[in-house]
């Protein structure tokens, strides 16, 4: 019944005597027509690999363009309503891991370009996907501190500390804590007037 409803939804005027153009059944296995149905996970991976190739060639601009397309395709967890199939769980974690790693990579590339705003945006999106990702908190703290936004850097540390305590009942890593203390020392030291501005638009 579910399959019949799916076929009807995809092709409302389909004749019952004809097979679906979108859904095929061969050897008791159902599949989607690859020319008519696109799974967003596939172009996401393709864009990621193409971006990596451009990055290896030193074409950072082209790599970031492809990476940006990839992250915009990622609409959330793979098949989020499917909880009982091991292969789905594995694929979901694999894609999520690649998405988070990509955001951290993009943040570092943007930082090298001086596009601080975009780098910060990438770290924030990575934290949204994984609130326990200390690397992203460290990146935020460093970027904020570098442009004189020390209070924002301290808030990033407190958010990290709160997330780790709530989920794992643990504290930030020594590196994160050391970064926090270093920022505190900068705040206590004499400050030059003025405030830096973010470089680059958020993604």
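Would you be able to say whether some residue in the stretch 34-44 is under 17 Å from the mean Cα position of the chain (by Cα), surrounded by 12 or more Cβ atoms within 10 Å (Cβ to Cβ) and at pLDDT 85 or above? There is at least one residue in the stretch 34-44 that is under 17 Å from the mean Cα position of the chain (by Cα), surrounded by 12 or more Cβ atoms within 10 Å (Cβ to Cβ) and at pLDDT 85 or above.
Considering 148, 139, the condition of being at pLDDT below 95 and outside the structural domain of residue 66 (by TED's automatic domain parsing) is satisfied by 148 alone. Selection of helices (runs of 4 or more DSSP H) fully inside the stretch 85-188 by the criterion of at least 1 residues being surrounded by 15 or more Cβ atoms within 10 Å (Cβ to Cβ) and under 15 Å from the mean Cα position of the chain (by Cα) returns 86-113, 116-129, 134-146.
Contact map, the stretch 47-65: residues that are in the same structural domain as residue 98 (by TED's automatic domain parsing) paired with residues that are exposed (fewer than 13 other Cβ atoms within 10 Å of the Cβ), Cβ distance under 8 Å, separation 6+ or inter-chain. Pairs shown: 60/112.
The values are calculated or read from the model by the stated rules, or taken from the named source; none is laboratory data. Just so it is clear, the model here is predicted, and its values are computed rather than measured. Note: ideal-geometry Cβ built from the backbone for every residue, glycine included; neighbour counts use all protein chains shown.
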